[in-house]
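Asks: Sharing a structure here in structure tokens format.
The values are calculated or read from the model by the stated rules, or taken from the named source; none is laboratory data. Just so you know, these numbers come straight off a predicted model, no measurement behind them. Here the Cβ is made from the backbone with ideal geometry for all residues, glycine too, and neighbour counts use every protein chain on show. Side chains are part of the model used for accessible areas, which takes the heavy atoms of the whole protein and leaves out ligands, DNA and RNA. Shrake-Rupley method; radii C 1.70, N 1.55, O 1.52, S 1.80 Å.
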Amino acid sequence: MFGRGVYENSRPGGLALLQVAEPAEGEEPAQLFVPLKRSELRGEISGPLADLRLTHVYGYSREQCDRTLEALYRFPLPGDAAVTGVTVRFGEVEIETRLAERELANAEYEQAVEEGKQAALLTRESADVFTLRITGIQPDQEVRVETRYVQLPDGRQVPVPA
């Protein structure tokens, strides 16, 4: 089954994880995670900013779990970083996050869950942590989460002219 380790995933220095939202009927509640297959970081530095693209690829086999899952992706950001976009890919399906009122976004996501569709909902927990709810994750299908963000490359504050 999935890894059952406990991780610090909501603090700076933590790990990006895809945690199963709810156990199946009859399963004992436990922290289950969709296995991380690979990570890739690309970017370029332009002036005082690093423009970065972090991709995490997750997936599980039908032998590990034979049901479609909903999971929570948590990615702790450095304090000087700002997310500029998130894309989730389920095989051929691609979902690009967009800005929407919280109530409307929640309603659209819940409707997708009820209809058995693949969907993603991005929310910000704090200045340095965001959570992405992903539904419709299927066995034997990779899920790619690409987070685009900008960050000061050396951790210093950029002076603001007076």
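Asks: Report the residue count in region 106-119 for those that are under 20 Å from Gln19 (Cβ atoms) and either free of Cβ contacts under 8 Å to residues at least 24 places away in the same chain or out of contact with any Phe, Trp or Tyr (no Cβ under 6 Å at 6 or more places or on another chain) (or both).
Replies: 5
Asks: Considering region 85-99 alone, what residues qualify as being free of Cβ contacts under 8 Å to residues at least 12 places away in the same chain and within 20 Å of Val150 (Cβ to Cβ)?
Replies: Glu96, Arg98, Leu99
Asks: While we're here: Select from region 21-38 the residues that are at pLDDT 85 or above and open to solvent by 70 Å² or more (accessible area, probe 1.4 Å) and list them in ascending order.
Replies: Within region 21-38, Leu36, Lys37, Arg38 meet the criteria.
Asks: Tell me, please, whether a residue that is in a loop (DSSP other than H, G, I, E, B), at pLDDT below 90 and either over 16 Å from the mean Cα position of the chain (by Cα) or surrounded by fewer than 17 Cβ atoms within 10 Å (Cβ to Cβ) (or both) can be found in region 129-148.
Replies: no
Asks: Tally time: how many residues in region 45-63 are over 17 Å from Phe90 (Cβ atoms) and not hydrophobic (A, V, I, L, M, F, W, C)? Full working, then the answer.
Replies: Just the residues of region 45-63 that are over 17 Å from Phe90 (Cβ atoms), to begin with: 45-54, 63.
In the following step, the residues that additionally are not hydrophobic (A, V, I, L, M, F, W, C) were identified as 46-48, 51, 53, 63.
Total meeting the criteria: 6.
Asks: Then there's this: With the checklist (1) within 18 Å of Val20 (Cα to Cα); (2) open to solvent by 30 Å² or more (accessible area, probe 1.4 Å); (3) hydrophobic (A, V, I, L, M, F, W, C); (4) part of a helix (DSSP H, G or I) in hand, flag the one item Leu122 doesn't pass.
Replies: (4)
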